[in-house]
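In what follows, a single structure is set out as structure tokens and then discussed.
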């Protein structure tokens, strides 16, 4: 047994939506220390969500220092720092003062809805899908930049004059780590750049035409780099004293980092992260696949000057949040974990199906006119059947995305690697394996996002040599194998699809 | 009719009073409703408050039912909650110990496996969540029987099957093992359930320091034992894990 941790280590910063964390990993990919700090969610209006980027940078410095102390690590023990971040959250800062010129606009913020509709014009939301792999939706960064420049007085002039820098949170953290106003490097990685609606997926460069249409001056944009290379070294500030000279060597958007941490390095390997919502990504290799089924095309990762690896992405808006809804709004359970107890008290769903289209249907339907439905109710149905239907909804939605991925890529899913809070739900994981008709596998390190950033940074500095070394670190903590009669699976899937149909067209306008 | 304890009767009446109708009552309301002197009522309320059965609103000074009373009705810990809390710690135990980890609770004369983490090698393994293990011979079972009176009562009545030559089946001998388990804070199983397999387990306690489950490592004797004993570093790792989960459940530090 080797329980004592000695260096060298890799530190990973996870700048997330609700908190910033730093995790220190050893060579086996085991966690040595964690530090975490939450930041304020600023909600100026309904649908608007902002973060104070200055607060976030202070927190990042604190958690890095905190994790160093907890790990008992010195400067020489840390070989590199990697970064993963909430995707699409957009900010602008003054390159001379280093101060943000406005709060960051968070990915969930819907203020650019109208702007996206305008930009779509006659073509609609798929106007730039061919070039960028994305639909014109409020999540993505480009229109958020345009909104800031058009709505905050003085910003457009400053931007044109070359005084402003744009970044997603990776750029902001890297710029500050590498010296800020004193020579900080202004870069982003391919995965984060692929969420701006401004990058050509084909050649990984900024699309000048789209930028011009959107009204984003090119001089605010960072340089696009790979996900795994040394961007610069820690310089200046409090972290300069602690970690001066340590290479800053990776950046990946959080979902891509999880794909990397789950070691999905071969074509057809996929991971699904079950949190409030669910994000599933499948590695499609060097091939860029344009989805016919409403999935997003995105960059999975790029290691140094190797070819980029692309991915298909499907997201489910409501998964864990449906369990929370059962707890908080319906009061049917006291804790999220109790959903399993309630659901396990019956043999099946009793004929009930729950489609949680609370804010419309996402991939593969993209129907904003849909609203939630519980279908198949009879007097026989109890709250336990509903609890079962709640869990089954997450599994069926995963199945729909998996089917779309198979259709687009032509690759059958051999196994699904899962992470996130809902993986502690045994009933759900078994049902997932049953309806996918594929094994569902949970890795031993739950922190796959941070691990992915650490892996990419470690590869860049030679701490690990190849992705094969990283695969060797991957450990299976549990595996659920399919055990469902194919006839039952087909019948249930058909019923689910019938229920989905009944959600559509609820809103009329 | 047997004589009842007056102060307990009064306390019960107070709880009923607070449970019905108006939720918050002042001292004089309570005293007059029950026909008690204020000082007497206050003394009983203070005791109830100390036990957490009654709470006093700091602003109005009025009394209401306490959180402890609500907890009394639902003391049992949901096993899925237990699994969710234990997940990180048990992953780490499997990783550091290099062996499979099991989490068990008392269920119908046996140990119900509610969580299982694979041994961290590439071998083929089957998830054993939902399986039952015997109470008298496994490390998980011994820990639970040593600390949980209900489990102990069941063990006494149960048929104690001799699985191997090493299985202890006679009640007096088992009591000695349980006593040792209580004293050392963990239990072992040296080929007492399965030939060639040994395990070590420690109790998970809740905020009242009541046992809610047990966590342990199971593996081949050649790997987990040295000189016929469980390797001390594995014992320490299992106990650390049990303590960490207990702490997450609100148990005070040991």
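Of everything in the stretch A:460-475, what is within 14 Å of chain B (Cβ to nearest Cβ) and surrounded by 17 or more Cβ atoms within 10 Å (Cβ to Cβ)? Give them in sequence order.
Residues satisfying the conditions are A:473, A:474, A:475.
Quick one: in the stretch B:222-246, which of the residues that are away from chain A (no Cβ under 14 Å) and crowded, with 16+ Cβ neighbours inside 10 Å is nearest to residue B:111 (Cα to Cα)?
By that ranking, first place goes to B:242.
Restrict the check to the stretch B:61-74 and report whether at least one residue is more than 10 Å from chain A (Cβ to nearest Cβ) and either within 22 Å of residue B:240 (Cα to Cα) or surrounded by 22 or more Cβ atoms within 10 Å (Cβ to Cβ) (or both).
Among the residues of the stretch B:61-74, at least one is more than 10 Å from chain A (Cβ to nearest Cβ) and either within 22 Å of residue B:240 (Cα to Cα) or surrounded by 22 or more Cβ atoms within 10 Å (Cβ to Cβ) (or both), which makes the answer yes.
Could you tell me whether the stretch B:160-176 includes any residue that is in a strand (DSSP E or B) and touching a residue at least 12 places away in the same chain (Cβ under 8 Å)?
No; the residues of the stretch B:160-176 include none that is in a strand (DSSP E or B) and touching a residue at least 12 places away in the same chain (Cβ under 8 Å).
Among (1) under 22 Å from residue A:311 (Cβ atoms); (2) at pLDDT 95 or above; (3) assigned to a helix (DSSP H, G or I), where does residue A:149 come up short?
(1)
Name the residue, out of A:357, A:415, that is out of contact with any helix residue (DSSP H, G or I) (no Cβ under 7 Å at 6 or more places or on another chain), under 21 Å from residue A:313 (Cβ atoms) and within 14 Å of chain B (Cβ to nearest Cβ).
Result of the check over A:357, A:415: A:415.
Of the residues A:122, A:126, which single one is under 24 Å from the mean Cα position of the chain (by Cα), surrounded by fewer than 15 Cβ atoms within 10 Å (Cβ to Cβ) and part of a loop (DSSP other than H, G, I, E, B)?
Result: A:126 is the single residue among A:122, A:126 that is under 24 Å from the mean Cα position of the chain (by Cα), surrounded by fewer than 15 Cβ atoms within 10 Å (Cβ to Cβ) and part of a loop (DSSP other than H, G, I, E, B).
Considering B:219, B:250, which residue is within 14 Å of chain A (Cβ to nearest Cβ) and assigned to a loop (DSSP other than H, G, I, E, B)?
Going through B:219, B:250 in turn, the sole match is B:250.
Within the stretch A:258-271, can you find the residues that are part of a helix (DSSP H, G or I) and either over 27 Å from residue A:393 (Cβ atoms) or out of contact with any strand residue (DSSP E or B) (no Cβ under 7 Å at 6 or more places or on another chain) (or both)?
A:260, A:261
Can you name the condition, by its number, that residue A:430 falls short on among (1) over 30 Å from residue A:350 (Cα atoms); (2) surrounded by 16 or more Cβ atoms within 10 Å (Cβ to Cβ); (3) out of contact with any helix residue (DSSP H, G or I) (no Cβ under 9 Å at 6 or more places or on another chain)?
(1)
State all residues of the stretch B:16-39 that are in a helix (DSSP H, G or I) and either touching a residue at least 60 places away in the same chain (Cβ under 8 Å) or exposed (fewer than 15 other Cβ atoms within 10 Å of the Cβ) (or both); if no residue qualifies, say none.
Those that are in a helix (DSSP H, G or I) and either touching a residue at least 60 places away in the same chain (Cβ under 8 Å) or exposed (fewer than 15 other Cβ atoms within 10 Å of the Cβ) (or both): B:16, B:19, B:28, B:32, B:33, B:38, B:39.
Could you list, in sequence order, the residues of the stretch A:481-508 that are exposed (fewer than 11 other Cβ atoms within 10 Å of the Cβ) and touching a residue at least 40 places away in the same chain (Cβ under 8 Å)?
A:483, A:486, A:508
Of all residues in the stretch B:178-209, count the ones that are surrounded by fewer than 22 Cβ atoms within 10 Å (Cβ to Cβ) and out of contact with any helix residue (DSSP H, G or I) (no Cβ under 6 Å at 6 or more places or on another chain).
14
What are the residues in the stretch B:230-247 that are in contact with a helix residue (DSSP H, G or I) (Cβ under 7 Å, 6 or more places away or on another chain) and closer than 16 Å to residue B:82 by Cα, if any?
If the condition is that a residue be in contact with a helix residue (DSSP H, G or I) (Cβ under 7 Å, 6 or more places away or on another chain) and closer than 16 Å to residue B:82 by Cα, then B:241, B:244, B:245 are the ones that fit.
Which of the strands (runs of 3 or more DSSP E) contained wholly in the stretch B:78-148 include at least 1 residues that are within 11 Å of chain A (Cβ to nearest Cβ) and within 13 Å of residue B:215 (Cβ to Cβ)?
Correct list: B:100-107, B:110-117.
Could we say that residue A:71 is more than 24 Å from the chain's Cα centre (by Cα) and either farther than 21 Å from residue A:192 by Cβ or surrounded by fewer than 20 Cβ atoms within 10 Å (Cβ to Cβ) (or both) here?
In short, yes.
For residues that are touching a helix residue (DSSP H, G or I) at 6+ places or on another chain (Cβ under 8 Å) and closer than 27 Å to residue B:128 by Cα, tally how many sit in the stretch A:476-509.
9
If only one of A:7, A:16, A:47 is at pLDDT below 95, surrounded by fewer than 22 Cβ atoms within 10 Å (Cβ to Cβ) and under 24 Å from residue A:221 (Cβ atoms), which one is it?
Residue meeting the stated conditions: A:16.
Scan A:454, A:478 and give me the residue that is more than 14 Å from chain B (Cβ to nearest Cβ) and either buried (at least 17 other Cβ atoms within 10 Å of the Cβ) or on the phi < 0 side of the Ramachandran plot (or both).
When all the criteria are applied, what remains is A:454.
What's the number of the condition residue B:204 fails, among (1) within 22 Å of residue B:105 (Cβ to Cβ); (2) outside any strand (DSSP E or B)?
(2)
Yes or no, residue by residue, for (1) farther than 30 Å from residue A:151 by Cα; (2) in a strand (DSSP E or B):
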| residue | (1), (2) |
| --- | --- |
| A:23 | yes, yes |
| A:33 | yes, yes |
| A:37 | yes, yes |
| A:48 | no, no |
| A:62 | yes, no |
| A:67 | yes, no |
| A:81 | yes, yes |
| A:93 | no, yes |
| A:97 | no, no |
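Return the residues of the stretch A:129-159 that are touching a helix residue (DSSP H, G or I) at 6+ places or on another chain (Cβ under 8 Å) and surrounded by fewer than 17 Cβ atoms within 10 Å (Cβ to Cβ); say none if nothing qualifies.
A:131, A:150
The values are calculated or read from the model by the stated rules, or taken from the named source; none is laboratory data. Here the structure is a predicted model, which means the values were calculated and not measured. Note that each Cβ is placed from the backbone with ideal geometry, even for glycine, and that neighbours are counted across all protein chains shown.
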